[in-house]
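Undergrad: I'd like to ask you about the structure that follows.
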Amino acid sequence: MVTDMHPMPQTTDRKTFFVTGASGFIGTALVRRLRANGHNVRCAVRSATGDASEIECRLDSSPETWVAALSGVDGVFHLAWSTSPRSANASPLADLTTNLVGTVGLLEAMRVSASGPIVLASSGGTVYGAPTRLPVSENHALNPLGVYGASKVSAETYAMVYRRQFGIDARILRFSNPYGPGQNVDGQLGAASIFAYRALSNLPINIWGDGFVVRDYVYIEDTIDAMLATMSAARETFRDIDPIINIGSGQGVSLRKIIQVIEEILARPVEVNYQPARAFDVPVSVLDVSLAKHLLNWHPKTSFEFGMQRTLRHLMLTSSSMPPVPSVQHTLSHMTSLFQNDIAKERSS
């Protein structure tokens, strides 16, 4: 699993899709791919900027506003979520009234709007809590440890109720930890991308605990592949099963392994500061993605090492806070050699 080949064919079946959270990490990549594939995209935003593709529709909008926004669309990708695990715990009521009520408002609007399928983004890490078995399959008990996970579970529950009671074609994807070019490196989520940025910027990397916490990291373009496969799947695909599907790499990567991969790519050591462990960090979380392979014919194409090469290269070419030019040029040359070697290995296999 070395390649990062994600074709973008033009389509003669031009559709219009409505995307909430279109300006976020996943949303931006999704909108870019949909447009590259020849589709129209209507982006829900908090405040419209005058772009013809934007429509002002906040998470806490009324059902009437949602109905107007959904007019004439062929499918909905619901990615918008206003909190992170940490901020949700700090303000549970705001998380509830904005995210859960907003999601139900969207589902309610779909009862009166012929909008096609709706693909909802959930969390494959937080909804399960501390796993009792690995890898974690979709039938694992839901035991969220925080408010964020509880809200995601509630949103899933409402989506399935609307599917059963009102015929809304709701489909849920439980993402592991998407990473890659375009991720916010100043945020609270995304250890792989944040570590890459700090290493390139010659900043220390902070790790809470001993670094053996293991997570499932899935490359952003593999994530988009899964979303498109879910949207395009025939409704009969889910005739005998609730469409709730894990999306991840199916492989565990420790924080120490992230550091090791970055050091190998950059061909130099990076500074790491180990801090006291945090009680809420689940030691290991790896998703079972076999259902996605079975139902959607989807599988992750990008190895963690190759995905990190692309992430580091993107950061190096786009960030204004990188090291002096000679260092950048040397590292780019080294990374280009790694790219060529990986591609050659894949083509010969």
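Every read-out reported here was derived from the displayed coordinates using simple, explicitly stated rules and does not represent laboratory data. Predicted model only: the values in this text are computed from it and were never measured. Every residue, glycine as well, gets a Cβ built from its backbone with ideal geometry; the counts of neighbours run over all protein chains shown.
Undergrad: Quick one: if the Förster radius is 51 Å, what FRET efficiency do E263 and V161 give, using the C-beta to C-beta distance and rounding to 0.05?
TA: Once rounded, the FRET efficiency stands at 0.60.
Undergrad: Here's another thing I want to ask about it. Quickly estimate the mean residue ellipticity at 222 nm for the chain, helices only: each DSSP H run with n ≥ 4 gives -39500 (n - 2.57), and the total goes over all residues, rounded to 500.
TA: One gets -12500 deg cm²/dmol as the mean residue ellipticity at 222 nm.
Undergrad: Further question on the same structure: Quick one: which residues, 5+ away or cross-chain, put their amide H under 5 Å from the amide H of A277? H built at 1.01 Å from N.
TA: For A277, the qualifying residues are G209.
Undergrad: Let me ask something else. With a 10 Å radius around each residue's Cβ, average the other Cβ atoms per peptide and rank 293-300, 103-110, highest first.
TA: 103-110, 293-300
Undergrad: So, in Å, what gap is there between the alpha-carbon centers of segment 182-203 and segment 62-127?
TA: Measuring centre to centre over Cα atoms gives 27 Å.
Undergrad: Cα gyration tensor of segment 255-319, axes a ≥ b ≥ c as square roots of the eigenvalues: rounded (a/c below 1.5), prolate (a/b > b/c) or oblate?
TA: oblate
Undergrad: Additional query: I need the shape label for segment 1-138. Rule: rounded when a/c is under 1.5, else prolate if a/b > b/c, else oblate, with a, b, c from the alpha carbon gyration tensor.
TA: The shape class here is oblate.
Undergrad: Rank by packing, highest mean first: peptides 204-211, 117-124, 26-33, 280-287, with packing defined as the count of other Cβ atoms within 10 Å averaged across residues.
TA: Peptide ranking by packing, descending: 117-124, 26-33, 280-287, 204-211.
Undergrad: If you count the DSSP beta bridges with both ends in the chain, what percent of them are antiparallel, to the nearest 5?
TA: That works out to approximately 10 percent antiparallel.
Undergrad: Contact order normalised by length for the chain, with contacts defined as Cα pairs under 8 Å and 6 or more residues apart; what percent is it?
TA: 19
Undergrad: Measuring from label point to label point, each 7 Å out along Cα→Cβ, what is the L142 to I241 span in nm?
TA: For the pair L142/I241, the computed spacing is 1.7 nm.
Undergrad: Can you bin segment 244-293 into rounded, prolate or oblate? Criterion: square roots of the alpha carbon gyration tensor eigenvalues sorted a ≥ b ≥ c, rounded for a/c under 1.5, prolate for a/b above b/c, oblate for the rest.
TA: Cα axes put segment 244-293 in the oblate bin.
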